[in-house]
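The values are calculated or read from the model by the stated rules, or taken from the named source; none is laboratory data. All figures in this text were calculated on a predicted structure; none of them were measured in a lab. Here the Cβ positions follow ideal geometry from the backbone for every residue, glycine too, while neighbour counts run over all protein chains shown. Note: accessible area is taken over every heavy atom of the protein model, side chains too, but ligands, DNA and RNA are not part of it. Shrake-Rupley method; radii C 1.70, N 1.55, O 1.52, S 1.80 Å.
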Amino acid sequence: MGSDASKEQRRAREEAERAEADRRAAIAAATNQVNNIFGSPQREADLQDYLGAVRETYRTDLDRQKADADRESRFAMARSGLIGGSADIDLNRRVADNYTRGVLNAEQAAQRQVANLRSQDQQAKLNLLQMVQSGMDATTAARNASESLRVNLAGARADQNMGAVDNAFGQLSGVWQDSKNRANERRKDSLFGQTYFTPGQWGALTPAPGFKGFGG
């Protein structure tokens, strides 16, 4: 009778060991599935494609800002009568310098966007691996891994424009506005002189013919 009990215990132990071995094999299989999907060449290709798309978006935005800055600068110099002069050369240099900095900032912003996507993938991977340890099978793990990658990439693409570069030429707005203000003042002065005083007589402020005074 003792022998029978010993056999039962041995059988139970062997079954438990087989069950544990099966559990570990299932975990290993599911873990490999998850790791392979998240680390696949296709995912790296998706990330590089996304980086290229973000770069293009940011560069397009920066080029648009540059075109606006060039136009505002030309108008500013024209209003001031400084086209071709040292002020014009200096302003163009500042625009070019700001553009160069904008290119660098745009690249850094694009790299941050991709880094954020990689971080989301990593978090999703860790979450799935925890579920695998809790018993998720390889088929389900593989399906969830693929879905996580799809959702992460779709979300990143939807938010692609949210991290666009800031106005790279904002510091030059004061120059442009100042030229507009000066032009407005000159127009006011010109109108004032033509209406009430003889043109070209600003020293003596000679009243224009027929002007009877501000009181009417």
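Side notes on the structure shown:
- This model, with +1 at the C-beta of Lys and Arg and -1 at the C-beta of Asp and Glu, gives segment 25-92 a dipole about its Cα centre of some 60 debye.
- Shape class of segment 36-186 from the Cα gyration tensor (axes a ≥ b ≥ c, square roots of the eigenvalues): prolate, since a/c reaches 1.5 or more and a/b is larger than b/c.
- Spatially, segment 43-71 and segment 79-104 are offset by 23 Å when compared through their Cα centroids.
- Per-pair calculated FRET efficiency, R0 = 41 Å: R157 and D178 via Cβ, rounded to 0.05: 0.50
- Solvent-accessible area per residue in segment 88-143 equals 58 Å², computed with a 1.4 angstrom probe and all protein chains kept.
- With 0.36 nm allotted per residue and the present C-alpha distance subtracted, the D137-A67 stretch has 19.6 nm of extension available.
- Under the simplified labelling scheme, the S40-A19 pair shows an inter-label distance of 3.5 nm, with each label point 7 Å from Cα along Cα→Cβ.
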